[in-house]
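A short write-up of the structure that comes next.
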Amino acid sequence: MKLYNPGGRGSVMSYAGLLEKIEILSSTLRWASRLERADIEKLLRQSHALRDEVMQLSHKERFVQAATSDAEPVEQTPGERRQALLARSFVFEGTFGDNPKLLDALEVAEKAAPTDLPVLIDGESGTGKELMAKVIHANGSRADKPYISVNCGAIPDNLLESELFGHKKGAFTGASNDRKGKFESAHKGTIFLDEIGEMPLTGQVKLLRVLQSHEIQRVGSDEIIHVDARIVAATNKNLRKLIEEGTFREDLFYRLSVIHVTLPALRERKDEIPLLLAYYGDEAAEALKRRPIKMTPRLRDFLLNYAYPGNIRELRNLVYRLACLAGETADIGHLPEDIRPKAGVPQASLPETMASQAIAPSSLSDAKRAASDEAERAFLERGLTEVGGTVAELARRCDMNRSHLQMLLKKHGIHSKDFRKPRPPQGGAGA
């Protein structure tokens with residue numbers, strides 16, 4: 001049988017052209033009396049190619065609309081902004097919640113992703129900088145190309161050039177073979193330069209040259225190699241301060257920070273902690289092959305109010321520790337000793353830095369959000385009690401989308417099975 005032959009992937013394609021391709025593919029399937037395995041695989045490849053073209057057009061169209069829109073911005077709640085991102089097919093992990101500062105960062109990333117502009121992500125250690133880099137890559141036109149991650153702080157100075165640009169056999173002692181560098185491996189894709197603030201000045205000079213010319217030379221070779229890689233860099237340092245101290249090049253900073261994204265610390269996103277506890281609780285349960293851990297009210301209160309100097313990474317590690325060490329229910333005693341509150345010491349008398357950040361809302365909007373969350377949680381628990389833990393029935397009564405309801409339950413760490421009424425024992429034959 002004859003299958004249609006799609007045009008080159010590099011050609012410009014309109015929506016009308018894509019619809020025509022889809023119609024031809026549908027016709028092929030509709031009138032086929034018999035398909036061989038090879039034909040099926042070819043049709044699958046063609047459908048995947050069409051999907052990729054649609055996604056690329058979608059990204060480009062959204063970017064153009066965002067850049068040219070003259071409409072007045074519409075006031076939206078954080079939840080509506082998050083849902084709008086998802087509705088626009090913007091792909092991001094469930095660990096990103098709806099904190100306003102984080103949504104600002106995600107919306108900048110959404111506009112930057114379809115372009116090839118360099119992006120600089122900064123934020124404290126553990127705030128999710130690499131995750132954000134992967135989000136930018138996944139939503140760009142290079143999503144199906146390599147994503148290469150480099151920890152600039154972990155490479156010795158004398159090996160940095162070889163690691164980034166590769167080397168020729170015999171270029172130095174131990175160079176027994178030709179070797180590709182990270183930039184060559186990331187050709188047509190994305191290279192993520194983590195901890196860029198740790199890169200020595202000599203490495204910064206060579207990196208600047210690559211950004212300017214898009215060309216590299218392997219160590220020990222005179223051959224010029226053209227590379228086309230999207231640059232995303234990240235740092236937990238204040239690069240402007242490093243520039244003043246003379247340890248970071250100002251021209252490199254401006255080359256890297258065409259798009260600048262700042263990720264807020266977890267202490268500025270406390271409304272997301274219940275969502276993160278539920279998310280990582282499920283993840284830990286799956287990894288350890290056991291049921292999600294339950295927490296005592298005292299432990300849960302501590303985790304909601306703790307300052308998290310290590311941010312999301314620290315929270316994740318704490319949840320995994322609790323899931324590993326506790327049985328069915330975790331308590332304060334399962335926490336690391338250095339952060340565990342002293343016995344008999346009330347929460348209010350904890351160190352001032354922790355108490356002020358953990359308990360007192362930083363603004364009226366934060367106080368309103370905390371009160372709203374408490375009311376929302378109480379409403380969900382009361383509703384689940386009334387319907388015996390049946391999520392579908394509660395969604396019907398509230399006239400709410402079931403998936404949205406499940407997201408709210410996950411946000412508050414509520415498990416519907418805890419509200420299910422035990423079935424009465426069935427009587428035996430001789431009862």
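Give the residue that is nearest to the chain's Cα centre (by Cα), with candidates limited to residues of region 400-421 that are among the hydrophobic types (A, V, I, L, M, F, W, C) and more than 21 Å from Ile293 (Cβ to Cβ).
Among those that are among the hydrophobic types (A, V, I, L, M, F, W, C) and more than 21 Å from Ile293 (Cβ to Cβ), it is Leu405.
Would you mind telling me which numbered condition in (1) surrounded by 19 or more Cβ atoms within 10 Å (Cβ to Cβ); (2) part of a helix (DSSP H, G or I) Arg209 fails?
(1)
How many residues are charged (D, E, K, R) and in a helix (DSSP H, G or I) when one looks only at region 131-169?
The total comes to 4.
Can Gly203 be described as under 19 Å from Asp116 (Cα atoms) and either of a type outside the set (A, V, I, L, M) or surrounded by fewer than 15 Cβ atoms within 10 Å (Cβ to Cβ) (or both)? Write out each step before concluding.
Numbers: under 19 Å from Asp116 (Cα atoms): no; either of a type outside the set (A, V, I, L, M) or surrounded by fewer than 15 Cβ atoms within 10 Å (Cβ to Cβ) (or both): yes.
It is false that Gly203 is under 19 Å from Asp116 (Cα atoms) and either of a type outside the set (A, V, I, L, M) or surrounded by fewer than 15 Cβ atoms within 10 Å (Cβ to Cβ) (or both).
So Phe192 fits all but one of (1) touching a Leu at 6+ places or on another chain (Cβ under 8 Å); (2) modelled with pLDDT of 90 or more; what number is the exception?
So Phe192 meets the others, but not (1).
Output the qualifying pairs, or none if there are none: Cβ atoms under 8 angstrom, residues six or more apart or on different chains, first residue in region 146-158 and more than 22 Å from Thr173 (Cα to Cα), second residue among the polar types (S, T, N, Q) and in a helix (DSSP H, G or I).
The qualifying pairs are Pro146/Ser185; Ile148/Ser185.
Can you work out which of the residues in region 301-330 that are more than 24 Å from the chain's Cα centre (by Cα) and buried (at least 16 other Cβ atoms within 10 Å of the Cβ) is nearest to Arg269 (Cα to Cα)?
Looking at residues that are more than 24 Å from the chain's Cα centre (by Cα) and buried (at least 16 other Cβ atoms within 10 Å of the Cβ), I get Phe302.
The values are calculated or read from the model by the stated rules, or taken from the named source; none is laboratory data. Fair warning: this is a prediction, and the values are worked out from it, not measured in the lab. Every residue, glycine as well, gets a Cβ built from its backbone with ideal geometry; the counts of neighbours run over all protein chains shown.
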